[in-house]
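Asks: Have a look at this one before I ask anything.
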């Protein structure tokens, strides 16, 4: 049975959805939220922010926070994959992101801080998965249903409805879980 994993990255965390048998009749094997930043280090959720609306300018602090995030997220990802074990071995994962914009191209310091965090958490997630031997594809959120529809020769709206139905009885099935599931299905 093929198993693929989809993630929707947020600042400091990600929704993770494990899809089984996605090519034929997809089912959700697991749906959860994983931390990518240490909850015991409050500034690690938004390391590029100094406070509301302001960019962190203390580069030593940012560097220390980023290194901690890298270590913490690697452990979290390895533990997740280990929990799935050999029986549910994941070889492919999709990481859904809001944007791939280079933060340096953003003039507004507050928006640049958000873009830097988006890039950071995407990067640590992809790196952690690849270190565990998982092949990763990054997908823009605004394109996931269109790409899935094309892959399965169906309308994007039909795919959105089918993904929504996958979550019946799963528990938490918000937008983050839905796009993570759609991306996992896409790469199956």
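Just so you know, all these numbers are worked out from the coordinates, no wet-lab data involved. From a predicted model like this one, the values you see are computed outputs, not experimental measurements. Don't worry about glycine lacking a Cβ; one is built from the backbone with ideal geometry, like all the others, and counts go over all protein chains shown.
Asks: Estimate the FRET efficiency between residue 105 and residue 24 by the formula 1/(1 + (r/R0)^6), using the beta-carbon distance for r and 45 Å for R0, to the nearest 0.05. Kindly include the intermediate steps, with their values, before the conclusion.
Replies: Details: r = 42 Å, r/R0 = 0.94.
Using R0 = 45 Å, I get an efficiency of 0.60.
Asks: Still on this structure, I have one more. Note down the nm distance, to one decimal, between modelled labels 7 Å out along Cα→Cβ at residue 154 and at residue 87.
Replies: Label at residue 154, label at residue 87, 2.8 nm between them.
Asks: Counting DSSP beta bridges in segment 43-188, what percent are antiparallel, to the nearest 5? Kindly include the intermediate steps, with their values, before the conclusion.
Replies: Numbers: 2 of 8 bridges.
Given both bridge residues lie in segment 43-188, the antiparallel proportion sits at roughly 25 percent.
Asks: Within segment 77-106, list the residues whose amide N lies under 16 Å from a label point set 7 Å along Cα→Cβ of residue 34.
Replies: In segment 77-106, the label zone of residue 34 (backbone N under 16 Å from the point 7 Å along Cα→Cβ) covers 77-97.
Asks: Where does each of 19, 77, 187, 106 land when they are ranked from fewest to most other beta-carbon atoms within 10 angstrom? Write down the numbers at each step before the final one.
Replies: Details: 19 30, 77 27, 187 21, 106 16.
Starting with the residue having the fewest Cβ neighbours, the order is 106, 187, 77, 19.
Asks: Next question, about the same structure. Can you give me the Cα centroid spacing of segment 121-182 and segment 60-77 in angstrom?
Replies: 25
Asks: Let me ask something additional. Which of 7, 121, 84, 72 comes first, and how do the rest follow, when ranked by fewest Cβ neighbours within 10 Å? List each step's numbers first, then the result.
Replies: Working: 7 32, 121 25, 84 15, 72 21.
Ordered by Cβ neighbours within 10 Å, fewest first: 84, 72, 121, 7.
Asks: In percent, what relative contact order does the chain have, based on Cα pairs under 8 Å that are 6 or more apart in sequence? Don't skip to the answer; put the middle values down first.
Replies: Values: 354 pairs, mean separation 59.0, N = 188.
Relative contact order, the chain: 31 percent.
Asks: Right, something else. Considering the chain as a Gaussian network with a 10 Å cut-off on Cα pairs, which listed residue, 79, 115, 15, attains the greatest mean-square fluctuation?
Replies: Its mean-square fluctuation being the largest, the pick is 79.
Asks: So, one more: Angle check, please: helix 156-166 long axis (alpha carbons) against the longest principal axis of the chain (alpha carbons), in degrees 0 to 90, nearest 10.
Replies: Value to nearest ten degrees: 90.
Asks: Given axes a ≥ b ≥ c from the Cα gyration tensor, I'd like to know whether segment 136-188 is rounded (a/c under 1.5), prolate (a/b larger than b/c) or oblate.
Replies: Details: a/c = 1.89, a/b = 1.32, b/c = 1.43.
Oblate.
Asks: To test your reading of the geometry: what angle, between 0 and 90 degrees and rounded to tens, separates the Cα axis of helix 175-186 from the longest principal axis of the chain?
Replies: On a 0 to 90 degree scale, this one is about 60.
Asks: Right, something else. Rounding to the nearest 10 and keeping the result within 0 to 90°, find how far the Cα-based axis of helix 109-131 lies from the longest principal axis of the chain.
Replies: Long axis of 109-131 versus the principal axis of the chain: about 50 degrees.
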